[in-house]
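**Student:** Got a structure for you, written out below as structure tokens; questions coming shortly.
Just so it is clear, none of the values below were taken in a lab; they were calculated from the coordinates. What you see is a predicted model; the values in this text were computed from it and never measured. Every residue, glycine as well, gets a Cβ built from its backbone with ideal geometry; the counts of neighbours run over all protein chains shown.
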Amino acid sequence: MAKQLIECVPNFSEGRNLNIIQQITDVIESVEGVKLLDVDPGKATNRTVVTFVGEPEPVIQAAFLAIKKASEIIDMSKHKGEHPRMGATDVCPLIPISNITMEETAKWAHQLAENVGQFLEIPIYMYESAATSPERRNLATVRSGEYEGLPEKLSNPEWKPDYGPAKFNAQAGATAIGARDFLIAYNVNLNTTSVRRANSIAFDIREKGRVKRIGDPIVGKIATDKNGNSVRIPGTCKSVKAIGWFIEEYGVAQISMNLTNINDTPLHKAFEECNKSATNRGIRVTGSELVGLVPLKVMLDAGKYFLTQQKRSLGISESEIIKIAVKTLGLDELGPFDPQKKIIEYQLQENNSRPLVQMNLGRFADETASESPAPGGGSISAYVGALGASLGGMVANLSAHKRGWDAQWETFSQWAEKGQQLKDELLYLVDEDTHSFNAVMTAFRLPKGSSEEKEIRKEAIQNATKYAIEVPFKVMEVSYKVFDLCKAMAEIGNPNSVTDAGVGALCARAAIHGAFLNVKINAEGLNDKTFIKNILSKGKKLASSANKLEKEIMKIVEDKI
């Protein structure tokens, strides 16, 4: 059964004393099964955002220990900072990452809150999807009055904590614990020191907007509806909360945002709307910063959006797309932006999960030439196929950028994206073919002393062998798709690169025939004759068709040179 994973992003009211922050993160890392992903302290806000992930039970244990440690070493009565706050652990949201529902995540949030309230005697308020009433869903509402307003709030029966005592804890304050979707904390930098002007931009873009005034938009009387409620002018970005503030550390004003639903307002749209509002007010956006981690899709969507604005091909590598996003958003203005540390999927990748692809060309060739039987023909076939896809994609990108061909850039961009997709699939299969071979060897090394062990070993060998057939056959199927790309590029692509499309086709044919050799030799060890018959029949058809397509494409190429 697939693991359930949740992320926890507690915010601690200390961003300057690294020793205090270290003590908190140490107790998080002491829990087995939890991975600490990011620690992001802010001096001006005097606040640290910590991100860790794991299965629910260890995450809850780590969160409890962190809240406990923070309550012991942070004194809220002495805390000052730019960010709204009410406790040593100000907020502690849980976010479903994989194989777990929001409802299940909310239950874990309540379990954590109950433990904290009971054993640490800290007042706890539940918010977002774990809220006990609609009125408490919004974090801003729960945190209203902040730390200084807690004594009065706790004496009000309407603000009785969901867990813990309704008693002021002078040192620890109160904590909001919740379950929510992935939230992006994002700040946009301005070339001004004016908080008032930064707030004006924030009001322009945030969902709740600003109050409507009669007459003068700044000092005019607040407009009300028939029930006496103030009328608001909504902002341009749905699911965005925003305020303006001045950051002493950088000497600039910022628009500080929480993007609570990236489907409603993606990162690049929030940036663009800030840009528009700032420009209208004679202010310039100089860059931005991400607080904590961000999903890979957010960065890829941003990079592709900006490439589209430039009428540039989207069929470039993932790293190049991210680079475009970083540079356009100015995410490296205030400090280095390392995608390996800031993108959540990269943080969760297991080390050395793709050892062959991560090698340089020289090391890969040396490893192939060594006395080790893997990587062998299957991995090499996958790699040759990837090179074929890369060449087809290269012709598409050159064509998209060719002078005088601007009207066709989208067509070539789509072909280039297909090339990137095929390349990535085949690169994955480079390592997967070696993994499948190693799995067969591992199965053969299983004990065979008793009849039961023999049966287990036999079944393991058969399962591993079947997978060792399926992987190279997948190489054949994916490599076959490279022909469409190379043929299109030979026909309509940049004529100066037509030979590259031809070499790509030659690579695709070699990959298919090479992978088929692996299918056939591994099929000899499988007992499932029906499976063998079907896959060999399909393989022969692919190989035969590959020969024909390669000849067709080479004729097109030869006719053009």
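**Student:** Could you point to the label whose value was computed as semi-axes √(5λ) of the Cα gyration tensor in Å for the structure here, given (i) 66, 25, 22; (ii) 53, 34, 19; (iii) 35, 31, 26?
**Tutor:** Checked against the structure: label (ii).
**Student:** With n ≥ 4 as the cut-off for DSSP H runs, can you work out [θ] at 222 nm for the chain, using -39500 (n - 2.57) per run divided by the number of residues, rounded to the nearest 500?
**Tutor:** After summing the helix terms and dividing by residue count, I get -17000 deg cm²/dmol.
**Student:** From the square roots a ≥ b ≥ c of the eigenvalues of the alpha-carbon gyration tensor of the stretch 314-432, which class results: rounded (a/c under 1.5), prolate (a/b over b/c), or oblate?
**Tutor:** Oblate, since a/c reaches 1.5 and b/c is not below a/b.
**Student:** Does the stretch 136-191 come out rounded, prolate or oblate by the C-alpha gyration tensor, with a ≥ b ≥ c the root eigenvalues, rounded set by a/c under 1.5 and, if not, prolate when a/b is larger than b/c and oblate if not?
**Tutor:** prolate
**Student:** Determine, for each peptide in 419-428, 76-85, the mean count of other beta carbons within 10 angstrom over its residues, then list the peptides with the highest first.
**Tutor:** 419-428, 76-85
**Student:** Still on this structure, please answer the following. What net charge do the residues around ALA443 carry, taking every other residue with its C-beta under 13 Å from that of ALA443, with Lys and Arg at +1 and Asp and Glu at -1?
**Tutor:** +3
**Student:** Let me ask you something else. Give the peptides 405-411, 552-558, 170-176 in descending order of average Cβ contacts within 10 Å, highest first.
**Tutor:** 170-176, 552-558, 405-411
**Student:** Counting other Cβ atoms within 10 Å, keep those with at most 16, restrict to DSSP loop, and tell me which trypsin sites (Lys or Arg not before Pro) in the stretch 448-508 are left.
**Tutor:** LYS448
**Student:** Could you state the angle between the C-alpha long axis of helix 102-120 and the longest principal axis of the C-alpha atoms of the chain, as a value from 0 to 90 degrees rounded to the nearest 10?
**Tutor:** 50 degrees
**Student:** Let me ask you something else. Is the shape of the stretch 36-89 best called rounded, prolate or oblate, per the rule: a/c under 1.5 gives rounded, else a/b larger than b/c gives prolate, else oblate, with a ≥ b ≥ c the square roots of the Cα gyration tensor eigenvalues?
**Tutor:** Oblate.
**Student:** If you average the C-alpha positions of the stretch 3-77 and of the stretch 469-485 separately, how far apart do those two centres end up, in angstrom?
**Tutor:** Between the Cα centres of the stretch 3-77 and the stretch 469-485 lies a distance of 46 Å.
**Student:** Within 15 Å, Cβ to Cβ, of VAL240, how many net charges do the neighbouring residues add up to if Lys/Arg are +1 and Asp/Glu are -1?
**Tutor:** +3
**Student:** Within 10 Å, count the other beta carbons around each residue, average over each peptide in 523-529, 286-292, and list them highest first.
**Tutor:** 286-292, 523-529
**Student:** Moving on. To the nearest 10 degrees, how steep is helix 451-492 against the longest Cα principal axis of the chain, on a 0 to 90 scale?
**Tutor:** It is inclined by approximately 90 degrees.
**Student:** Holding the Cα-Cα limit at 28 Å, pick out from LYS297/LYS540; LYS418/LYS540; LYS212/LYS269 the pairs that are longer than that.
**Tutor:** Listed pairs above 28 Å: LYS297/LYS540.
**Student:** Using Cα positions and a limit of under 14 Å, work out the aspartates and glutamates in reach of LYS474, with same-chain residues fewer than 8 apart set aside.
**Tutor:** Within the straight-line limit of under 14 Å, LYS474 reaches these aspartates and glutamates: ASP424, GLU425, ASP431, GLU432, ASP433.
**Student:** Another question, then. Give the relative contact order (percent, whole number) for the stretch 5-179; include only Cα pairs under 8 Å separated by 6+ residues.
**Tutor:** RCO, the stretch 5-179: 26 percent.
**Student:** Regarding the stretch 5-179, what's the average projected area of the Cα-atom convex hull, expressed in nm²?
**Tutor:** In nm², the orientation-averaged hull projection of the stretch 5-179 is 8.6.
**Student:** If the chain between LYS520 and GLU491 were fully stretched, how many nm would it gain, using 0.36 nm times the residue separation less the Cα-Cα distance?
**Tutor:** 7.0 nm
**Student:** List the aspartates and glutamates whose Cα sits under 20 Å from the Cα of LYS221, skipping any in the same chain fewer than 8 residues away.
**Tutor:** ASP204
**Student:** Measure nothing fancy, just the Cα-based angle from helix 18-29's long axis to the longest principal axis of the chain, in degrees from 0 to 90, nearest 10.
**Tutor:** 50 degrees
**Student:** With a Cα-only, solvent-free Debye model of the stretch 184-348, what are the log10 I(q)/I(0) values at q = 0.09, 0.18, 0.19 Å⁻¹?
**Tutor:** The calculated log intensity ratios at q = 0.09, 0.18, 0.19 Å⁻¹ are -0.33, -1.11, -1.20.
**Student:** If you don't mind, another one. All other residues with a Cβ under 15 Å from the Cβ of LEU506 taken together, and with Lys, Arg as +1 and Asp, Glu as -1, what is their net charge?
**Tutor:** Once positives and negatives cancel, what remains is +1.
**Student:** Follow-up question, since we're still on this one. Picking from ALA66, TYR480, TYR346, whose Cα lies most toward the positive end of the charge dipole for the chain (charges on Cβ: Lys, Arg +1; Asp, Glu -1)?
**Tutor:** Final value for the positive-end residue is TYR480.
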